[in-house]
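The values are calculated or read from the model by the stated rules, or taken from the named source; none is laboratory data. A quick note: this is a predicted structure, and the numbers were derived from the prediction, not measured. No Cβ is skipped: glycine too gets one built from the backbone with ideal geometry, and neighbour counts run over all protein chains shown.
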Amino acid sequence: MAGLACVLVTSLLAGALDTNAVRAAATAARSVHLDAAARIAAAEAFIDLVRIPGGSGSEHAIRAACQQRLSELGARGVPLEGPWTNAPVNLAMRIDGVGDLARHPALLLNAHLDTLVISSPEHLSFDAATGDFFHAKESEAGFPSSFGGDDRSGVCVVLEALRQVHRSTWTQGRPHPPVLVLLTGSEEIGLRGARHLARHHPGVFEGVGLSITVDGPLDYETAYPKERLVAVVSEADAGRQPYSGVLGILAAHAGKAGVGWSRSEVGLGKGDFAAFPSTTPAGLHFRSPVRGWHRRERVQVQDLVHHVDLLVDVIAQWHRAVERGK
Ligand SMILES: [Zn+2]
């Protein structure tokens with residue numbers, strides 16, 4: 001290939017994901033907790049996590065990447081060995097509590113590692129005008145335009161929120177309750193990872209005081225973009241602890257961030273949380289910052305940052321909600 005043509009092709013391929021434009025969008029994004037460097041790091045973490053292929057049943061590489069990132073925050077692996085062949089590819093890691101809160105019930109944070117098998121992360125692109133990650137073939141009729149925003153955006157929110165809390169408070173040695181991170185495999189083919197954990201490793205869920213899953217499309221039966229943070233919870237649960245406390249944290253956060261929020265019952269029973277043991281308080285989950293359901297996916301950098309911000313507040317304050325409910 002002639003030199004010029006080669007340069008052209010290379011720049012066209014690179015142009016599909018203009019990392020300078022991503023950095024500019026992250027720098028311009030508003031945030032309650034993340035400075036510009038942390039916002040850029042969150043957007044870059046999202047790109048890194050999306051680019052690791054991992055359809056249902058093939059999550060080994062993404063599990064290893066998440067394990068590495070969580071280890072850097074002092075998390076230790078929870079053993080999930082057993083005699084099963086073809087067990088789902090799950091990751092369970094625990095961050096021990098510190099000080100007075102070390103024996104407090106744990107906060108469980110959950111998202112799913114797998115993407116749809118037909119996802120094509122190689123088509124991840126960025127629209128500088130809207131600040132959206134999108135699928136380069138989203139306009140092609142019939143093309144399954146998922147790049148893996150479901151649920152790598154949720155995984156990214158969990159990891160980056162923990163990183164921010166670790167950086168801002170845990171490294172100062174301040175007391176905090178334990179945190180359990182469950183990143184599951186094979187969610188998209190019948191919650192297999194979560195079901196396996198509940199059935200064969202019920203001890204993992206012991207001592208959990210609140211479980212928060214980050215999953216589900218942000219714009220599904222909501223008033224997006226007016227509402228950019230969505231809690232899914234039943235009417236009955238919304239009025240009782242610990243869920244009412246979490247909704248209080250969400251409302252206060254949305255006020256600080258100047259962002260609209262809502263709560264919905266759409267999505268109840270349709271995620272990992274539905275397979276967790278009935279004793280696990282998993283009645284409330286947040287939607288992930290991904291729009292489109294398994295096609296025409298979009299993830300806006302600003303929404304990613306809003307969700308990391310929200311989870312930072314939940315991690316920092318949830319134990320107060322549990323305390324009030326006792
Ligand atoms: Zn999902």
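For the stretch 280-316, name all the residues that are among the acidic types (D, E) and either free of Cβ contacts under 8 Å to residues at least 60 places away in the same chain or not in a helix (DSSP H, G or I) (or both).
Of all residues in the stretch 280-316, those among the acidic types (D, E) come to 297, 303, 309, 313.
If the condition is that a residue be among the acidic types (D, E) and either free of Cβ contacts under 8 Å to residues at least 60 places away in the same chain or not in a helix (DSSP H, G or I) (or both), then E297 is the only one that fits.
Candidates F147, F143: the one that is surrounded by fewer than 24 Cβ atoms within 10 Å (Cβ to Cβ), aromatic (F, W, Y) and more than 12 Å from the ligand (Cβ to nearest atom) is F143. Kindly indicate whether S244 is touching a Ser or Thr at 6+ places or on another chain (Cβ under 9 Å) and polar (S, T, N, Q). In short, no.
For the stretch 233-269, the tally of residues that are in contact with a Phe, Trp or Tyr (Cβ under 9 Å, 6 or more places away or on another chain), within 25 Å of G190 (Cα to Cα) and not in a helix (DSSP H, G or I) stands at 5.
Condition check for K137 on (1) assigned to a loop (DSSP other than H, G, I, E, B); (2) within 16 Å of the ligand (Cβ to nearest atom): one failure, at (2). Selection within the stretch 178-225: residues that are in a helix (DSSP H, G or I) and within 16 Å of the ligand (Cβ to nearest atom). The member of this set that is farthest from L113 (Cα to Cα) is R195. When R94 is tested against (1) surrounded by fewer than 22 Cβ atoms within 10 Å (Cβ to Cβ); (2) more than 17 Å from the chain's Cα centre (by Cα); (3) in a strand (DSSP E or B), exactly one condition is not met: (2).
Scan the stretch 244-300 for residues that are of a type in the set (K, R) and over 27 Å from A106 (Cα atoms) and the total you get is 4.
Considering every residue within the stretch 104-116, establish whether at least one is in contact with a Pro (Cβ under 8 Å, 6 or more places away or on another chain), within 16 Å of the ligand (Cβ to nearest atom) and touching a residue at least 60 places away in the same chain (Cβ under 8 Å). Yes, the conditions are met somewhere in the stretch 104-116.
When R30, R23 are checked against the criterion of being in contact with a helix residue (DSSP H, G or I) (Cβ under 6 Å, 6 or more places away or on another chain) and among the charged types (D, E, K, R), a single residue qualifies: R23.
For the stretch 264-285, taking the residues that are surrounded by fewer than 20 Cβ atoms within 10 Å (Cβ to Cβ) and closer than 20 Å to Y224 by Cα, the one that is farthest from the ligand (Cβ to nearest atom) is identified as E265. If you go through the stretch 140-162 and keep only what is at pLDDT 95 or above, outside any helix (DSSP H, G or I) and of a type in the set (A, V, I, L, M, F, W, C), you end up with just F147.
Looking across the stretch 292-308, the residues that are surrounded by fewer than 24 Cβ atoms within 10 Å (Cβ to Cβ) and within 14 Å of the ligand (Cβ to nearest atom) come down to G292, W293, H294, R295.
Among all residues of the stretch 163-173, there is none that is modelled with pLDDT of 95 or more, away from the ligand (no atom under 16 Å from the Cβ), hydroxyl-bearing (S, T, Y) and more than 22 Å from A274 (Cβ to Cβ).
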